[in-house]
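Chemist: Quick one: this structure, given as structure tokens, is what I'll be asking you about.
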2 protein chains.
Amino acid sequence: MDAKHEEILQRAQERVIEALAKNMDLYGITMSTGLLYGTLLFQDKPMTLDEMGEALGMSKTSMSTGVRTLMELKMVEKIWKKGARKDHYEVNLDWYQNFIDLFSLRWRSAAEYNVHAMKKSLQELRALLQSEELSDELRERVQTSIHRIENGLEYYDWLSRLIDSFETHEIFQFVPKKPMS
Amino acid sequence: MDAKHEEILQRAQERVIEALAKNMDLYGITMSTGLLYGTLLFQDKPMTLDEMGEALGMSKTSMSTGVRTLMELKMVEKIWKKGARKDHYEVNLDWYQNFIDLFSLRWRSAAEYNVHAMKKSLQELRALLQSEELSDELRERVQTSIHRIENGLEYYDWLSRLIDSFETHEIFQFVPKKPMS
DNA sequence: AAGTACGTAAAGTTTTTTCTGAACGCCAAA
DNA sequence: TTTGGCGTTCAGAAAAAACTTTACGTACTT
């Protein structure tokens, strides 16, 4: 009688799945999609959209969009199955790379976006300082703004180099995958 | 006539503020709160809740909750102003520490939460393997789940050490604040 | 060429989140 | 003790997001 054991296995899986899903907002992912990820994680075989909908009791449309977001983050991959009509998906098990891809994608683009705006504003403000007829009070405020922006740019430069070290995997020299123990 | 210059300054500030706010979802922060942060950033003086509401055209209640979330992330601090009835707030300008605090707070707790669930499930599954009357098929699946969890635990161990290196500032030895240039 | 099965887009509904206004409790000054 | 100003809590309204159903386009099968 395996029913009891089956039960235990399922419970153990569900505990982990729910934990993962609950923290998926860090990835900018909805909890449902997190549950989808977890389900795929413990499924040894690649799943179809219909199977996912079945497993989660949700519409196929939701599975479709969920899988897409997971694929954009490279957390899930589409699998080639010869002779199969339906698409099959499975999780990408490299969690390190996963983290790196996610971090890169989100933080890098945010950094670039902010740096762009900052540089443009910085330029304008520096030009403004050149203006002769600028009241002392205003000049003071412009200076302050410039300092704030320069301060931010310095940080983003660091952040960018940090992300570089992730993407090149150089970070693993500093924080190795396996501890020295 | 400073009006024109004032205009330029304001535009330059707003560009940066909006950029920052737009990417604040990375911090799990709503855009409105992001705008609040940006406003505080370019205000040379500490602001009161009323001044913030004024500046953003929003209710004082919103400012109160917004400031609280920013304080929880240590992005904003309450300032002691002698003889002032109202509370005053100003931004924490150390963006490096800011990033570290945020990352630590969110990712560390997520990691701990997941590790906890994983270890518990792992234990159960290992115990299950001891059971004599376990069908080969089920045993196989239990093994797979165990591997998945061990794989995750290994990653979280690395992540934990990465966060350690942030908190201790050792990361700056590897990725220095200022480039060597 | 027609039919069928599949994934996705669009529209609509439900749920969740965000924001506001009123009411409350607290502290300081009178 | 009262009064007034302050930050916050709470309930409700408005806005946004998530989810489902329906409908569509495409590709494979027959």
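The values are calculated or read from the model by the stated rules, or taken from the named source; none is laboratory data. Given the structure is predicted, the values throughout are model-derived calculations rather than measurements. Ideal geometry is used to build each Cβ from the backbone, glycine not excepted, and the neighbour counts take in all protein chains shown. Surface areas here come from the heavy atoms of the whole protein model, side chains and all, with no ligands, DNA or RNA. Shrake-Rupley method; radii C 1.70, N 1.55, O 1.52, S 1.80 Å.
Chemist: Condition first: open to solvent by 20 Å² or more (accessible area, probe 1.4 Å) and at the interface with another protein chain (Cβ under 9 Å from one of its Cβ atoms). Now tell me which residues in segment A:97-106 satisfy that. So that I can check it myself, show each step before the final result.
Modeler: From segment A:97-106, those open to solvent by 20 Å² or more (accessible area, probe 1.4 Å) are A:97, A:101, A:105-106; that's our starting set.
Result: A:R106, single match.
Chemist: Evaluate the following for B:I146: is it modelled with pLDDT of 95 or more, within 15 Å of A:R11 (Cβ to Cβ), of a type in the set (A, V, I, L, M) and open to solvent by less than 40 Å² (accessible area, probe 1.4 Å)?
Modeler: yes
Chemist: Got a number for residues in segment A:67-92 being surrounded by fewer than 16 Cβ atoms within 10 Å (Cβ to Cβ) and aliphatic (A, V, I, L, M)?
Modeler: Going through segment A:67-92 one residue at a time, the tally reaches 3.
Chemist: Follow-up. Take the conditions within 11 Å of DNA strand D (Cβ to nearest atom), more than 14 Å from chain A (Cβ to nearest Cβ) and under 29 Å from B:E6 (Cα atoms) and apply them to B:M58. Does it pass? Explain how you work it out, then say what you get.
Modeler: Details: within 11 Å of DNA strand D (Cβ to nearest atom): no; more than 14 Å from chain A (Cβ to nearest Cβ): yes; under 29 Å from B:E6 (Cα atoms): yes.
Taking the combined requirement at face value, the residue does not satisfy it.
Chemist: Still on this structure, I have one more. Could you tell me which of the residues A:I146, A:I163, A:I100, A:I171 is more than 22 Å from B:G152 (Cβ to Cβ) and touching a Phe, Trp or Tyr at 6+ places or on another chain (Cβ under 8 Å)?
Modeler: A:I163
Chemist: Looking at (1) within 13 Å of DNA strand D (Cβ to nearest atom); (2) modelled with pLDDT under 95, can you tell me which one A:Q43 breaks?
Modeler: (1)
Chemist: For B:L40, only one of the following conditions fails: (1) more than 14 Å from the chain's Cα centre (by Cα); (2) closer than 27 Å to A:W158 by Cα; (3) assigned to a loop (DSSP other than H, G, I, E, B). What is its number?
Modeler: (3)
Chemist: For segment B:1-27: of the residues being at the interface with another protein chain (Cβ under 7 Å from one of its Cβ atoms) and in contact (Cβ under 8 Å) with a residue 24 or more places away in the chain, which is most open to solvent (accessible area, probe 1.4 Å)?
Modeler: It comes out as B:Q13.
Chemist: Answer yes or no as to whether B:R126 is exposed (fewer than 15 other Cβ atoms within 10 Å of the Cβ) and of a type outside the set (F, W, Y).
Modeler: The answer is yes for B:R126.
Chemist: Report the residue count in segment B:129-143 for those that are open to solvent by 10 Å² or more (accessible area, probe 1.4 Å) and among the aliphatic types (A, V, I, L, M).
Modeler: 2
Chemist: Follow-up. Do you know which residues across segment A:65-86 are hydroxyl-bearing (S, T, Y) and either more than 8 Å from DNA strand D (Cβ to nearest atom) or more than 20 Å from A:I17 (Cβ to Cβ) (or both)?
Modeler: Correct list: A:T69 only.
Chemist: Let me ask something else about it. Could you give me the residue pairs with C-beta distances under 6 Å whose first residue belongs to segment A:168-181 and is part of a loop (DSSP other than H, G, I, E, B), whose second residue is modelled with pLDDT of 95 or more and open to solvent by less than 90 Å² (accessible area, probe 1.4 Å) wherever it lies, and which are 6+ apart or on separate chains?
Modeler: A:V175/B:R161; A:V175/B:L162; A:V175/B:S165; A:K177/B:W158
Chemist: Applying the selection to segment B:46-55, what residues are open to solvent by less than 80 Å² (accessible area, probe 1.4 Å), within 13 Å of DNA strand D (Cβ to nearest atom), within 21 Å of A:T144 (Cα to Cα) and away from every other protein chain (no Cβ under 14 Å)?
Modeler: B:M47, B:T48, B:M52 - these are the residues of segment B:46-55 that are open to solvent by less than 80 Å² (accessible area, probe 1.4 Å), within 13 Å of DNA strand D (Cβ to nearest atom), within 21 Å of A:T144 (Cα to Cα) and away from every other protein chain (no Cβ under 14 Å).
Chemist: Okay, moving on. Looking at segment B:124-143 only, could you name the residues that are of a type in the set (S, T, N, Q) and modelled with pLDDT of 95 or more?
Modeler: B:Q143
Chemist: Wholly within segment B:59-150, which helices (runs of 4 or more DSSP H) include no fewer than the required count, namely at least 2 residues that are within 16 Å of DNA strand C (Cβ to nearest atom), of a type in the set (S, T, Y) and over 19 Å from the mean Cα position of the chain (by Cα)?
Modeler: Values: elements: B:60-72, B:95-103, B:109-130.
In segment B:59-150, the matching helices (runs of 4 or more DSSP H) lie at B:60-72.
Chemist: Whether any residue in segment B:152-163 is more than 8 Å from chain A (Cβ to nearest Cβ), modelled with pLDDT of 95 or more, in a helix (DSSP H, G or I) and in contact with a Ser or Thr (Cβ under 8 Å, 6 or more places away or on another chain) is what I want to check.
Modeler: Checked against the condition, which is being more than 8 Å from chain A (Cβ to nearest Cβ), modelled with pLDDT of 95 or more, in a helix (DSSP H, G or I) and in contact with a Ser or Thr (Cβ under 8 Å, 6 or more places away or on another chain), segment B:152-163 yields at least one hit.
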